[in-house]
Amino acid sequence: MESGWSREQMAQKAVEDIKDGYSINLGIGIPTLVADYIPKNIQVMLQSENGLLGMGPFPTKEQVDADLINAGKQTITQSLGASYFSSAESFAMIRGRHIDLTILGAMEVSAQGDLASWMVPGKLVKGMGGAMDLVASAKKVIVLMQHTDKKGNCKLVKECSLPLTGPKCVSKVITNLGVFAIQEGKFVPLELAPGVSNPPLP
């Protein structure tokens, strides 16, 4: 099967859902790349649950500040007007439904919009972090991930086999093979990557 879009191209697809004035939380992994492609002509505030509102794109070598990190412990930059606050205030912001859009990765997404994103099979994990709060409270949830896992199994499934991060919370999935809406218990292709004609779906 064709590999489709690169990680960077997937991130650019996610930008199409970003609107001027949004407050956005980006999950670790591929979603962090979205920050590099937000158009200069729109104003958004990127929130990190470790206590920053106003994240900028990834730093150049000269811009790296080891004290300035996102929730995934990657070094970041800050935008004009950025603010810092405690974790308690950060989660009050999330739980208070002040986040317009969250874009995060996943292990599985079901045709009902259920999300499993925190338990990696066979690996010791520390927990789901802020993902549970984000998917329960954000006004819109988009998943950005590879279409299949390392064994070639489709990550778009009829029902999740892994513990859920949140039920019926995902409205759109962007993979390397295409963009899929979740409608009436089905994955509906909105756009397919070049060279992809029949992506695996449950």
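If the requirement is being modelled with pLDDT under 95 and under 17 Å from the mean Cα position of the chain (by Cα), which of these qualifies: Gly72, Gly113?
Gly72
For segment 151-181, give me the residue count where each residue is touching a residue at least 60 places away in the same chain (Cβ under 8 Å) and either over 15 Å from Asp114 (Cα atoms) or in contact with a Lys or Arg (Cβ under 7 Å, 6 or more places away or on another chain) (or both). Quick ask: steps written out before the conclusion?
Residues of segment 151-181 that are touching a residue at least 60 places away in the same chain (Cβ under 8 Å), as a first pass: 170, 172-179.
Still in the list and also either over 15 Å from Asp114 (Cα atoms) or in contact with a Lys or Arg (Cβ under 7 Å, 6 or more places away or on another chain) (or both): 174-179.
Summing the residues that are touching a residue at least 60 places away in the same chain (Cβ under 8 Å) and either over 15 Å from Asp114 (Cα atoms) or in contact with a Lys or Arg (Cβ under 7 Å, 6 or more places away or on another chain) (or both) in segment 151-181 gives 6.
Would you confirm whether or not segment 35-42 contains a residue that is over 30 Å from Gly152 (Cβ atoms), surrounded by fewer than 18 Cβ atoms within 10 Å (Cβ to Cβ), of a type in the set (A, V, I, L, M, F, W, C) and modelled with pLDDT of 85 or more?
yes
State all residues of segment 57-78 that are open to solvent by less than 40 Å² (accessible area, probe 1.4 Å) and closer than 22 Å to Lys140 by Cβ; if no residue qualifies, say none.
Looking only at segment 57-78, we keep the residues that are open to solvent by less than 40 Å² (accessible area, probe 1.4 Å), and these are 59, 68, 70, 72, 76-77.
The answer is Asn70, Gly72.
Take the residues in segment 2-18 that are in a loop (DSSP other than H, G, I, E, B) and touching a residue at least 40 places away in the same chain (Cβ under 8 Å); name whichever of them is farthest from the chain's Cα centre (by Cα).
We begin by selecting, within segment 2-18, every residue in a loop (DSSP other than H, G, I, E, B); these are 2-6, 16-18.
From what's left, touching a residue at least 40 places away in the same chain (Cβ under 8 Å): 2-6, 17-18.
Numbers: Glu2: 23, Ser3: 20, Gly4: 19, Trp5: 16, Ser6: 16, Asp17: 12, Ile18: 12 Å.
Residue satisfying both the conditions and the ranking: Glu2.
The values are calculated or read from the model by the stated rules, or taken from the named source; none is laboratory data. None of the values given here were measured: they were computed from a predicted structure. In this analysis, Cβ positions are derived from the backbone assuming ideal geometry, glycine residues included, and neighbour counts consider all displayed protein chains. Note: areas computed on protein heavy atoms with side chains; ligands, DNA, RNA excluded. Shrake-Rupley method; radii C 1.70, N 1.55, O 1.52, S 1.80 Å.
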